[in-house]
1. Six or more apart or on different chains, Cβ under 7 Å: which pairs go from a residue in region B:368-392 that's at the interface with chain A (Cβ under 9 Å from one of its Cβ atoms) and closer than 12 Å to residue B:344 by Cα to one that's part of a strand (DSSP E or B) and of a type in the set (S, T, N, Q)? Could you list them?
2. When the residues of region B:63-116 are narrowed to those that are surrounded by fewer than 14 Cβ atoms within 10 Å (Cβ to Cβ), acidic (Asp, Glu) and touching a strand residue (DSSP E or B) at 6+ places or on another chain (Cβ under 6 Å), which ends up modelled with the lowest pLDDT?
3. Determine if region A:34-50 includes at least one residue that is of a type in the set (D, E, K, R), part of a helix (DSSP H, G or I), more than 11 Å from chain B (Cβ to nearest Cβ) and free of Cβ contacts under 8 Å to residues at least 40 places away in the same chain.
4. Only residues that are in contact with a strand residue (DSSP E or B) (Cβ under 7 Å, 6 or more places away or on another chain) and either outside any loop (DSSP other than H, G, I, E, B) or surrounded by fewer than 16 Cβ atoms within 10 Å (Cβ to Cβ) (or both): list them for region B:277-309, please.
5. Being under 30 Å from the mean Cα position of the chain (by Cα), in the same structural domain as residue B:136 (by TED's automatic domain parsing) and free of Cβ contacts under 8 Å to residues at least 40 places away in the same chain: is that true of residue B:197 here?
6. Identify, by number, the condition in (1) surrounded by fewer than 16 Cβ atoms within 10 Å (Cβ to Cβ); (2) assigned to a loop (DSSP other than H, G, I, E, B) that residue A:105 doesn't meet.
7. Among (1) free of Cβ contacts under 8 Å to residues at least 40 places away in the same chain; (2) over 30 Å from residue B:162 (Cβ atoms), where does residue B:105 come up short?
8. Take the residues of region A:71-99 that are in a helix (DSSP H, G or I) and charged (D, E, K, R): which is nearest to the other protein chains (Cβ to nearest Cβ)?
Amino acid sequence: MNGKLVAFCCERSGMVAWQEAQANGGLPAELEVVAVPCAGRIGMVHLLKAFEGGAAGVMVFACIKDSCDSLRGNLHAEKRCESTRAILRSVGMEPERLEFCSIAPPMGAEFSEVVRTMMEKVSSEEREG
Amino acid sequence: MTAQEMAKPVRKPLAVPEKVPATQRVLVVGGGVSGGTAARMLLGFGLEVVLVEKGAGAQPFEGQAGAELLTEARLVGLEGNFGDFKATIEAGGQIVWRTVGAVVVAVGVRTEPAKEVPLAITLTDFRRRMAAGEPIRNVCFLMDLEQSTPLAEFSLGLQFAFEAAQKKTSVYFLCRDVKVAEEGLERLYRSAREEGVLFIKNEARPTIAPLAEAASIQVMDLSPGAGSHLSRLCLTAEVIVVPEAFFPSEDNPGLAALLATDLDTKGYFQPANVRLAVGRTNRRGLFVLGDCRGPSSVAETIERAEATAQEIASLLGEGEKKVDWPVAVVDPEKCAYCLTCNRICPHKAAGMNLEEESAVIYASACYGCGLCVAECPSVAITIEKFSDAALVSSFASGGAG
């Protein structure tokens, strides 16, 4: 693992929140952001590829329930995160390394908070492991 | 494999068109305030309008060119996509077909008088009695009885209470909350108070007992400042006015299925989603307006209808619409024809290509959200800008293939 964090962001919510968070500063250099048209575009393969590529933690930022432009895209994304967590568990990885997060465009502070929590989580797990 | 099969040409994915047709005609279903307003605005923008009205009459068009009014008619089928919908309409026992670029649904709402309120009349009846100049000594308005009274009805009630007070009728106005979330309502509320309308905060159903020529109303006043020993009020009123209760039309489920759009949990058009606030639906070119989205005031209805007409005019452009949004593409060679995409697409953009035996995504309807791309079991669907390779390129370069 290379200690990187990968954030898949819905273009309509997560990406805007990321820009907001970036403007406020304080995002770790380890964070890589991947834009998707809708969180529903993200397949299990992308999440697993991120871990395969060495990510220590992966986050999915989707729209808040009932405000998804694709109506149900965020629900699909959440479902896939759950399935991917089961795979992580079965191969002996901590499922907490994958986080699904509902976010609205102006929630930059919350975006930073989720990233910070993930950073702490993975670094404490690294120490224990 | 036979020689014939081997000679079968490789099926290429359909190229994303640069432009899609945008028929300069709009179908409006429902000729009430919202449908009529939208229709007149659309005509003003130089678009043709086909107005389908269930009843015998509809808002007049003032004989404008390009307007077609079908009365005693209903929509029975809708095929195709944005810019090129094929509508099947039953009008006066005959079936007619029209090609339209966009569809506006502006059907009505079902109303019922509030149940089991003795001696009560509706707002409409009260207006009639006032207009007839009947002398009314005292009147009691009862709002928020079974359901929170919609703003539209509430503002009407407030208006009538004010007018009655001006005519020296003594007016009680019982409600859970005074709703003023519309232009002019706060002013109206104040004027009503100045004219002597008595507002009483009330949450429980009051006890109503008929008297000789009036009714006695027992009510707990919950207004701040009404001390506990003073809070039980006994009012006498000649007339009790209640708002009508609103229910979604029984036609809504059938119509929604026909249009391939969703209803909310109550049965009104359009689920609660902030992205759909201005009359948009899950489908490009399909709009819902007016009371079928839930009861709304006349001012709000007209404003929404005008905004939607403007949006349609800009969408339809001048006969063609440039495809400036990302579009998913099916590779027929990989497609297993399982139609998962058809089931999952929230925008109803995935259909069948019967000749190729392959799924097809219609560029005119696709929003490029990528739900089908992620879900396709055969990995047959791609979006150029958001390919699998592009999504993992930033972190998968380090050895992972």
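1. B:373/B:382
2. Per the stated criteria, the residue is B:112.
3. Checked against the condition, which is being of a type in the set (D, E, K, R), part of a helix (DSSP H, G or I), more than 11 Å from chain B (Cβ to nearest Cβ) and free of Cβ contacts under 8 Å to residues at least 40 places away in the same chain, region A:34-50 yields no hits at all.
4. Hits for region B:277-309 are B:280, B:286, B:287, B:288, B:291, B:292, B:293, B:308.
5. no
6. For residue A:105, the exception is condition (1).
7. (1)
8. Of everything passing the filter in region A:71-99, A:80 is nearest to the other protein chains (Cβ to nearest Cβ).
The values are calculated or read from the model by the stated rules, or taken from the named source; none is laboratory data. The structure displayed is predicted, hence computed values, not measured ones. Ideal geometry is used to build each Cβ from the backbone, glycine not excepted, and the neighbour counts take in all protein chains shown.
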